[in-house]
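The values are calculated or read from the model by the stated rules, or taken from the named source; none is laboratory data. Given the structure is predicted, the values throughout are model-derived calculations rather than measurements. Cβ sites come from the backbone with ideal geometry, for glycine too, and all protein chains shown count toward neighbours. Surface accessibility is based on the protein's heavy atoms, side chains included, excluding ligands, DNA and RNA. Shrake-Rupley method; radii C 1.70, N 1.55, O 1.52, S 1.80 Å.
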Amino acid sequence: MSSKDTCRNELRTAIRQLSDRCLYSASKWAAEQLVGIEQDPAKYTPSNTRFQRGSSSIRRRFRTNEITSTPAAGVSYVSTPVMEEDEVVDGDFYLLAKSYFDCREYRRAAHVLRDQNGKKSVFLRCYALYLAGEKRKEEETIELEGPLGKSDAVNRELVSLERELSTFRKNGMFDPFGLYLYGMVLKDKGSDYLARTVLVESVNSYPWNWSAWLELQSLCTTVDILNSLNLNNHWMKDFFLASAYQELRMHNESLTKYEYLQGTFSFSNYIQAQIAKAQYSLREFEQVEVIFEELLRNDPYRVEDMDMYSNVLYAKECFSALSYLAHRVFMTDKYRPESCCIIGNYYSLKGQHEKSVVYFRRALKLNKNFLSAWTLMGHEYVEMKNTPAAVDAYRRAVDINPCDYRAWYGLGQAYEMMHMPFYALHYFRKSVFLQPSDSRLWIAMAQCYETEQLHMLEEAIKCYRRAANCNDSEAIALNQLAKLHHELGRDEEAAFYYKKDLDRMEAEEREGPNIVEALLFLATHCGAHNRFEEAEVYCTRLLDFTGPEKETAKSMLRGMRTAQSSFPPMDVERFPP
């Protein structure tokens, strides 16, 4: 049996088992990966194929990378047997409880199973109680919410569930699904170490529960913690590592893992979306746009992850494409947080910031932990000059995810607007620690060092150097480095950076005041050091401009003619006024 057949058979069984235990998110994920496995070409026509091997620019880019740390996709070093189904003695009661569960009547479902002792029944009863507690917590949050939805509501079922689940685990009465639930309860109570241990035990016993992997991933806040996990070698481990690498900002490692998984899951929309996420973090917007366009062609009613696509269209100012996307998701499912964020981005690009905030708030009513909505709403408040509200929004974002560099950066901007550079600097430092490859963050921190209150020019120079080494797409760093060195009396260093900036502007065929500034400085600097031929070249180029720099260049040429007694006089009159 081939590795693809192995994956296919395992996933088909897992989908049934996960659905039977009401773990629908994990079941949906497994089904998407099942369809993503390359099918037999004899059974499927070309119109059914998607993401043909070799067609993706991502695939070509990472084809040379090799993975040796885990086994080939679809093959396990440790064979994981498919879990046997529970005894059927609780069958009728279980079916009734599952029906109540599917209707979101969680306490009724738990009550029906109160006297059932089968592992499936115990799991569903405890899971229903957990979700009943979560539901009540959401209701209390709405009833007791403070500013921007803050409240101290908690799941009141956690204490009793932890006591009961701990006993079940000690007595060996739990299957992997019970361990997954116990891990969630421990995580919610703040027992991270024990939660990781229990979740590792769950995924090693039953690796197809993607929800358990995601809970485990949320507890891996550092690379050291991730590397310390004692995980069996199974192809699901590769999905987990790829996702964990992305959360830990190891984007190239994540891309390599996903490229590797495409060897088996050639048509997986999930993998393509994750590749797009990683490249979005690397600011490779052109490739991200191509991937999302292909995703929408293959799955036209997809809403998941489309808010990230809208961010790309917003950054590129693609108004018509963003308008079309907003209309598309509105007609598909307008009450999804992603849809609301897309529409919010659309109104923001139109400059209607108040209306944009309305939609970001709507997204947060649908999901108060939707990170992107908090961050984007903070951006809108900055545009509206409402800095206190912006600070509150960004703080909620970092409360949800302390690794969100955009929210830390937004806090830095907000405090800078309030003329509090010491606070701003603190938040800019946090953002560059999380995303050291983003030149914008280094530039923001450098400008903070340049403020009148701080005036730490040497530190600003260090930041601009880091920005220049991080592919400064906005072309700010080199010009600022030249200015700062000139201000500090280091004209040789200033000339070096002006020349470098000038070469870059010529290569990119850009025009603007920076060209004139660089030419004027270099002409003056070369003339002062008797490098008259170089100075003449820069002055001659300045004559092509129509502003006062043209007259300055003429004056400099006349001065150089006077200074060059050993050179034949230059005919400056040949340059018309």
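Can you find a residue in segment 402-410 that is over 23 Å from L364 (Cβ atoms), open to solvent by 50 Å² or more (accessible area, probe 1.4 Å) and at pLDDT below 95? No. For I343, the criteria (1) closer than 25 Å to E134 by Cβ; (2) in contact with a Phe, Trp or Tyr (Cβ under 7 Å, 6 or more places away or on another chain) hold in every case but one, which is (1). Could you list all residues from segment 376-397 that are among the basic types (K, R) and part of a helix (DSSP H, G or I)? Of everything in segment 376-397, those that are among the basic types (K, R) and part of a helix (DSSP H, G or I) turn out to be R395, R396.
Just one of the listed residues (K499, K550) is open to solvent by 20 Å² or more (accessible area, probe 1.4 Å) and at pLDDT 85 or above, namely K499. The lone criterion from (1) of a type in the set (G, A, S); (2) in contact with a Gly (Cβ under 6 Å, 6 or more places away or on another chain); (3) touching a residue at least 40 places away in the same chain (Cβ under 8 Å) left unmet by S372 is number (2).
Per-residue answers, yes or no, for (1) of a type in the set (D, E, K, R); (2) modelled with pLDDT of 90 or more; (3) buried (at least 16 other Cβ atoms within 10 Å of the Cβ):
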| site | (1), (2), (3) |
| --- | --- |
| M456 | no, yes, yes |
| C463 | no, yes, yes |
| A467 | no, yes, yes |
| N471 | no, no, no |
| E474 | yes, no, no |
| N479 | no, yes, yes |
| A482 | no, yes, yes |
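Every condition in (1) in contact (Cβ under 8 Å) with a residue 24 or more places away in the chain; (2) surrounded by fewer than 17 Cβ atoms within 10 Å (Cβ to Cβ); (3) touching a helix residue (DSSP H, G or I) at 6+ places or on another chain (Cβ under 6 Å) holds for C340 except the one numbered (2).
What about D307, is it more than 18 Å from the chain's Cα centre (by Cα) and closer than 18 Å to F370 by Cα? The answer is no for D307. Of all the residues in segment 377-403, those that are without any contact (Cβ under 8 Å) to a residue 40 or more places away in the chain and under 18 Å from P337 (Cα atoms) number 8. Scanning segment 261-279 for residues that are in contact (Cβ under 8 Å) with a residue 40 or more places away in the chain, open to solvent by 10 Å² or more (accessible area, probe 1.4 Å) and more than 17 Å from T6 (Cβ to Cβ) yields F267, N269, Y270.
Among residues of segment 280-292 that are hydroxyl-bearing (S, T, Y), those with a beta-carbon under 8 Å from a residue that is open to solvent by 50 Å² or more (accessible area, probe 1.4 Å) at least six positions away or on a different chain give the pairs S281/R249. Being surrounded by fewer than 24 Cβ atoms within 10 Å (Cβ to Cβ) and within 21 Å of K237 (Cα to Cα) is the filter here; which residues of segment 168-183 pass it? Within segment 168-183, D175, P176, G178 qualify.
Pairing each residue of segment 104-118 that is open to solvent by 20 Å² or more (accessible area, probe 1.4 Å) with any residue that is among the hydrophobic types (A, V, I, L, M, F, W, C) and in a loop (DSSP other than H, G, I, E, B), provided the two are 6+ apart or on different chains, yields C-beta distances under 9 Å for Q116/V89; N117/V89; N117/M173. Annotation: of all residues in segment 202-231 being open to solvent by 70 Å² or more (accessible area, probe 1.4 Å) and touching a helix residue (DSSP H, G or I) at 6+ places or on another chain (Cβ under 8 Å), the one that is nearest to R169 (Cα to Cα) is N230. Which ones in segment 358-381 are open to solvent by 10 Å² or more (accessible area, probe 1.4 Å) and aliphatic (A, V, I, L, M)? Once the filter is applied, which keeps residues that are open to solvent by 10 Å² or more (accessible area, probe 1.4 Å) and aliphatic (A, V, I, L, M), segment 358-381 yields V358, L364, L366, L371, L376.
Per the conditions (1) crowded, with 22+ Cβ neighbours inside 10 Å; (2) more than 29 Å from T222 (Cα to Cα); (3) of a type in the set (A, V, I, L, M, F, W, C), the sole criterion not satisfied by A444 is (2).
Within segment 513-528, at least one residue is within 25 Å of A444 (Cβ to Cβ) and free of Cβ contacts under 8 Å to residues at least 24 places away in the same chain. Only helices (runs of 4 or more DSSP H) whose full extent lies in segment 272-375 are considered here, and the ones with at least 3 residues that are closer than 25 Å to Q435 by Cα and among the hydroxyl-bearing types (S, T, Y) are 306-315.
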